[in-house]
Amino acid sequence: MANEPLIEVKDLVVRFAVGGGLKRQRIVPVNHVSFTINPGEVLALVGESGSGKSTIGRALVRILEPSGGSLHLGGADVTKVKGKALAAYRREIQMIFQDPYGSLNPVKTVERHLRLPIRKHKQDREGGISEQIDESLQTVGLTPVSEMRVKFPHELSGGQRQRVAIARALAVKPRILVADEPISMLDVSIRAEILQLLKHLQQEYSLAYLYITHDLASARYFGDRIMVMYGGQIMESAPSDELVDKPRHPYTRLLLAATPNSAHTGPLPETSNRSPDLSENRQGCPFADRCPYVMAVCRTQDPPLIEQSAKHLVACHL
Amino acid sequence: MSNHEAINEAILEIKDLSVAYGTAKGDVLAVQDMNLRVLPNEIMGLIGESGSGKSTLAYAVMRLLKGSARVVKGSVRILGKDIYAMDKEELRQFRWANISMVFQSAMNALNPVLTVETQIVDTILNHRPQLSRREAREKAHELADLVRIDRSRITSYPHELSGGMRQRIVIAIAISLEPSLVIMDEPTTALDVVVQRSILDQIKEIQQRVQFSVLFISHDFSLVSHLASRIAIMYAGRVVEVTEARSLMDAKVAHHPYTEGLWRAIPKLTAKSVALEGIVGTPPDLLHPPSGCAFHPRCRYTFEPCRTVRPQLQDVEGSEIACHRFVPEGIQHGQ
């Protein structure tokens with residue numbers, strides 16, 4: 001079927017244990033989250049710290065074991081695959097991280113960072129690897145290739161390192177890339193180029209993305225659709241322009257108003273700045289404590305995520 | 001405030017300041033021939049990327065340079081007084097009473113084993129020994145009101161407060177002695193968007209109420225343009241432009257090519273699918289700075305003099321810009 005989603009996440013739950021001894025309790029950074037990503041689509045996942053956005057990214061590439069729910073790739077269940085099947089899944093989905101300083105091995109050259117994943121992709125046939133290293137460096141704009149191949153991470157700038165990380169992720173020719181804050185540690189003048197590169201790769205290889213960010217402006221620029229998270233749950237999800245122009249959820253409105261250079265002037269609506277409660281037995285809407293429009297029902301019942309107009313989903317009792 | 005009489009006198013005046021770091025490969029000039037004036041009761045933004053020298057400048061203004069860093073030339077005057085001419089005791093009394101600083105990740109600057117109230121009170125008593133402890137505590141409570149922290153919370157220890165609250169406490173400590181100038185170095189970088197915005201709004205509100213000047217240092221262009229009235233833009237240790245924050249939104253106003261590039265490189269929330277444009281190349285290596293204008297290897301308008309002659313700040317349509325494009329003779333040279 002042509003319209004089949006590439007990734008389908010259903011009811012994803014991730015639980016962590018925190019604290020020790022008598023204080024030991026469980027928190028739920030991802031609480032029954034469902035979404036899909038279509039082939040070649042960029043889904044921007046926006047939220048503040050503690051919203052669960054990075055945890056979703058990690059669960060998606062199976063660095064973290066989901067505690068509940070299911071993951072499907074192209075219709076196949078990959079929630080619990082192990083061994084070879086997991087390796088095969090990870091050839092389809094790759095991840096790039098926020099910190100290009102930490103995600104590369106300081107004693108390996110650029111070339112060696114790429115050699116292993118390319119060999120994996122070619123199923124260990126040796127031929128043509130060198131040409132492919134050149135090609136993938138070209139793709140991510142690390143030129144002149146012959147010079148770049150032999151450099152160590154410390155000889156590269158932050159932007160160049162992030163390009164190596166992107167090249168490495170792309171080496172196995174995945175269909176989807178999870179990009180967790182890929183530009184937030186880079187200099188402002190470099191960020192735009194990395195975003196453009198990611199966008200170019202999307203168009204060139206019809207690569208899909210889960211783009212995780214705290215910045216609504218870049219989410220709008222890069223994302224086809226934006227999904228706003230708070231306290232481990234999806235608050236609102238809509239096509240990017242619609243979400244920015246016609247936000248419905250009070251939290252989305254607050255985030256928009258707080259973003260520099262938004263149309264919003266004057267003070268923010270008065271809310272507490274408390275961070276969300278992620279404990280297992282929390283009741284009601286996670287945003288209730290900060291919501292300016294909170295009602296009695298918000299504190300007892302979790303609002304369901306409902307499609308209010310085409311492709312525009314909102315979880316709010318209002 | 002009484003300590004500055006003439007209204008047009010700059011609170012902070014930096015003249016021809018250069019700061020060098022000694023390294024094994026020779027001196028690196030992190031700040032070069034810097035000139036900057038901060039006027040009474042204004043919020044001045046200072047923008048630069050990493051390595052542009054903005055934090056080094058802040059430390060130099062506070063006379064807090066450490067290790068191999070030293071001022072090699074120029075002067076820093078605060079309220080007309082040269083802070084590098086003061087002796088230790090004079091400097092100790094002057095600093096914090098007249099100029100204070102909120103550091104990057106300031107929320108980790110609090111002492112974890114003292115309550116925040118004690119920390120505010122100690123700061124006040126250290127500089128105002130004539131006050132009683134009770135008076136200082138009263139003052140601490142007023143400051144808590146000012147930064148909108150519940151009075152009952154200020155007897156807490158830092159770990160009992162959220163990041164945003166700690167940052168507010170640090171701001172309260174910075175303004176506790178009613179200084180004329182507060183330097184804020186990326187004070188909200190580690191905070192969430194909503195908390196960041198509410199702290200910025202508060203800084204603005206308090207600044208208008210209590211009246212002091214702010215030098216607000218950040219890499220975040222859209223944030224600074226929201227807060228500041230004037231903005232200085234640094235590149236490779238130099239100020240390349242000083243402009244009105246408002247003029248950035250106005251496409252007709254001329255800017256330094258670096259300013260222009262930076263502005264174009266930020267995704268805008270309100271603009272519908274405007275193409276982003278990065279600035280090609282990477283920030284310069286200060287050990288081997290480019291000749292002429294430091295920005296010329298990345299500049300789209302580079303012509304002959306840019307490679308050899310260093311441009312000086314000039315008045316251009318109400319801004320000060322250091323670029324050969326805006327100097328008539330420069331253009332003639334290029335042809």
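The values are calculated or read from the model by the stated rules, or taken from the named source; none is laboratory data. None of the values given here were measured: they were computed from a predicted structure. No Cβ is skipped: glycine too gets one built from the backbone with ideal geometry, and neighbour counts run over all protein chains shown.
Considering only the stretch B:152-163, I want to know if a residue exists there that is more than 18 Å from the chain's Cα centre (by Cα), away from chain A (no Cβ under 11 Å) and closer than 20 Å to B:Ile43 by Cα.
No.
List the number of the failed condition for A:Ala263; all other conditions in (1) without any contact (Cβ under 8 Å) to a residue 40 or more places away in the chain; (2) away from chain B (no Cβ under 11 Å) hold.
Going through the list (1) without any contact (Cβ under 8 Å) to a residue 40 or more places away in the chain; (2) away from chain B (no Cβ under 11 Å), A:Ala263 breaks only (2).
Please give the number of the condition B:Gly45 fails out of (1) surrounded by fewer than 20 Cβ atoms within 10 Å (Cβ to Cβ); (2) more than 30 Å from B:Tyr157 (Cα to Cα).
(1)
Within the stretch A:43-89, take every residue that is assigned to a strand (DSSP E or B) and buried (at least 22 other Cβ atoms within 10 Å of the Cβ) and give me the one that is nearest to the other protein chains (Cβ to nearest Cβ). Please lay out each step first, then the result.
Just the residues of the stretch A:43-89 that are assigned to a strand (DSSP E or B), to begin with: A:43-46, A:68-73, A:76-77.
Then drop every residue that is not buried (at least 22 other Cβ atoms within 10 Å of the Cβ), which leaves A:43-46, A:71.
Values: A:Leu43: 17, A:Ala44: 11, A:Leu45: 15, A:Val46: 9, A:Leu71: 28 Å.
This residue is A:Val46.
Which of the residues that make up the stretch B:229-257 are more than 14 Å from the chain's Cα centre (by Cα), over 11 Å from B:Ile47 (Cβ atoms) and assigned to a strand (DSSP E or B)?
B:Glu244
Of the conditions (1) farther than 28 Å from A:Ser240 by Cα; (2) buried (at least 16 other Cβ atoms within 10 Å of the Cβ); (3) aliphatic (A, V, I, L, M), A:Val18 fails just one. Which one is it?
(2)
As an exercise: evaluate B:Gln130 against (1) at positive phi; (2) loosely packed, with under 15 Cβ neighbours inside 10 Å and give the number of the one condition it does not meet.
Condition not satisfied by B:Gln130: (1).
B:Arg238: under 30 Å from B:Thr118 (Cβ atoms) and more than 8 Å from chain A (Cβ to nearest Cβ), yes or no? Reasoning before the result, please.
Details: under 30 Å from B:Thr118 (Cβ atoms): no; more than 8 Å from chain A (Cβ to nearest Cβ): yes.
So B:Arg238 fails the test.
Which one is surrounded by the fewest Cβ atoms within 10 Å (Cβ to Cβ) among residues in the stretch B:205-248 that are of a type outside the set (S, T, N, Q) and over 24 Å from B:Thr259 (Cα atoms)? Show your work before the answer.
Going residue by residue through the stretch B:205-248, those that are of a type outside the set (S, T, N, Q) are B:205-206, B:209-210, B:212, B:214-217, B:219-221, B:223-224, B:226-228, B:230-242, B:244-246, B:248.
Adding the requirement that they be over 24 Å from B:Thr259 (Cα atoms) leaves B:205-206, B:209-210, B:212.
On the way: B:Glu205: 14, B:Ile206: 20, B:Arg209: 9, B:Val210: 13, B:Phe212: 24.
Out of the qualifying residues, it is B:Arg209.
State which residue pairs qualify: first residue among the β-branched types (Val, Ile, Thr) and inside the stretch B:19-35, second residue outside any strand (DSSP E or B) in any location, beta carbons under 6 Å apart, and separation of 6 or more residues or different chains.
Matching pairs, first to second residue: B:Val19/B:Thr56; B:Val19/B:Ala60; B:Val28/B:Leu286; B:Val28/B:Leu287; B:Val31/B:Gly53; B:Val31/B:Thr56; B:Val31/B:Leu57; B:Val31/B:Gly237.
What number of residues within the stretch A:286-313 satisfy the criterion of being in contact with a helix residue (DSSP H, G or I) (Cβ under 7 Å, 6 or more places away or on another chain), surrounded by 19 or more Cβ atoms within 10 Å (Cβ to Cβ) and either part of a strand (DSSP E or B) or touching a residue at least 40 places away in the same chain (Cβ under 8 Å) (or both)?
First, pick out the residues of the stretch A:286-313 that are in contact with a helix residue (DSSP H, G or I) (Cβ under 7 Å, 6 or more places away or on another chain): A:287-288, A:291-293, A:312.
Still in the list and also surrounded by 19 or more Cβ atoms within 10 Å (Cβ to Cβ): A:287-288, A:291.
Then drop every residue that is not either part of a strand (DSSP E or B) or touching a residue at least 40 places away in the same chain (Cβ under 8 Å) (or both), which leaves A:287, A:291.
Here the count works out to 2.
Select from the stretch B:245-295 the residues that are more than 9 Å from every other protein chain (Cβ to nearest Cβ) and within 30 Å of B:Ala24 (Cα to Cα) and list them in ascending order.
B:Pro284, B:Asp285, B:Leu286, B:Leu287, B:His288, B:Pro289, B:Pro290, B:Ser291, B:Gly292, B:Cys293, B:Ala294, B:Phe295
Can you give me the ranges of the helices (runs of 4 or more DSSP H) entirely in the stretch A:137-245 with at least 2 residues that are within 14 Å of chain B (Cβ to nearest Cβ) and surrounded by 22 or more Cβ atoms within 10 Å (Cβ to Cβ)? Don't jump to the end; show me each part of the working.
Values: elements: A:145-149, A:158-170, A:188-205, A:216-222, A:240-245.
Counting at least 2 such residues, we get A:158-170, A:188-205, A:216-222, A:240-245.
So how many residues does the stretch B:175-211 have that are at positive phi and either within 14 Å of chain A (Cβ to nearest Cβ) or modelled with pLDDT under 90 (or both)?
Filtering the stretch B:175-211 for residues at positive phi gives B:178, B:186, B:211.
Those still in the list that are either within 14 Å of chain A (Cβ to nearest Cβ) or modelled with pLDDT under 90 (or both) too: B:186.
Number satisfying all stated conditions: 1.
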